[in-house]
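**Student:** Okay, handing you the structure first.
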Amino acid sequence: MNNFKIRIEPEAFEDIQRIAEWYENQQEGLGERFVDVVIQDIDSLLPNPFIYAIRYNSIRCLIVHNFPYMVHYYINQQTNTIEILAVIGTSQSPDIWKEKSSNR
């Protein structure tokens, strides 16, 4: 069995921070809750990151529980790394990641 590790790309980390700040401005404590849920959801990938189907160009998406966002990730099987590429709203087009992911 593979022992995967998680790497959150700087762009995805910035996405999480930006979204958390927005939620925190809406209601105190909601930004922290968003971060907690995203981290729990990302960690849930460790036992089986292949659980979600490929959506486009080797990119898989995990829906964040209770928030309208999706975690876009890539599985690097050479390094056993789950690479978190972006966290974007479910109403946004993933086109911004299709070009980036075509290089994988």
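**Student:** Counting just the residues of segment 1-34 that are in a loop (DSSP other than H, G, I, E, B) and without any contact (Cβ under 8 Å) to a residue 60 or more places away in the chain, which one comes out nearest to THR81 (Cα to Cα)?
**Tutor:** Here the answer is MET1.
**Student:** Restricting the first residue to segment 45-72 and requiring it to be farther than 16 Å from LEU85 by Cβ, which pairs with a second residue that is in a loop (DSSP other than H, G, I, E, B) and of a type in the set (Phe, Trp, Tyr) meet a Cβ separation below 8 Å and a spacing of at least six or different chains?
**Tutor:** Short answer, once both residue conditions are applied: LEU46/PHE4.
**Student:** Let me ask you something else. What pairs come out if I take residues in segment 73-99 that are at pLDDT 95 or above and surrounded by 19 or more Cβ atoms within 10 Å (Cβ to Cβ) and pair them with residues that are of a type in the set (Ser, Thr, Tyr) and assigned to a loop (DSSP other than H, G, I, E, B) whose C-beta lies under 9 Å away, six or more apart or interchain?
**Tutor:** Listed by first residue and then by second, the contacts come to TYR73/TYR52; TYR74/SER58; ILE75/SER58.
**Student:** Quick check on my filter: what residues within segment 40-62 are of a type in the set (A, V, I, L, M) and out of contact with any Asp or Glu (no Cβ under 8 Å at 6 or more places or on another chain)?
**Tutor:** Those that are of a type in the set (A, V, I, L, M) and out of contact with any Asp or Glu (no Cβ under 8 Å at 6 or more places or on another chain): ILE42, LEU45, LEU46, ILE51, ALA53, ILE54, ILE59.
**Student:** Here's a follow-up. Tell me which of these HIS65 doesn't satisfy, since it passes every other one: (1) farther than 19 Å from THR79 by Cα; (2) surrounded by 15 or more Cβ atoms within 10 Å (Cβ to Cβ).
**Tutor:** Every listed condition holds for HIS65 apart from (2).
**Student:** Next up: Would you check which residues across segment 13-39 are closer than 14 Å to HIS65 by Cα and surrounded by fewer than 12 Cβ atoms within 10 Å (Cβ to Cβ) and list them?
**Tutor:** ASP36
**Student:** Exactly one of (1) over 13 Å from the mean Cα position of the chain (by Cα); (2) without any contact (Cβ under 8 Å) to a residue 40 or more places away in the chain is unmet by VAL37. Its number?
**Tutor:** Tallying (1) over 13 Å from the mean Cα position of the chain (by Cα); (2) without any contact (Cβ under 8 Å) to a residue 40 or more places away in the chain, VAL37 fails exactly one: (1).
**Student:** Among residues belonging to segment 40-58 that are farther than 14 Å from ILE8 by Cα and hydrophobic (A, V, I, L, M, F, W, C), point out the one that is surrounded by the fewest Cβ atoms within 10 Å (Cβ to Cβ).
**Tutor:** That would be ALA53.
The values are calculated or read from the model by the stated rules, or taken from the named source; none is laboratory data. Bear in mind the structure is a predicted one, so any value in this text is a computation, not a measurement. Note that each Cβ is placed from the backbone with ideal geometry, even for glycine, and that neighbours are counted across all protein chains shown.
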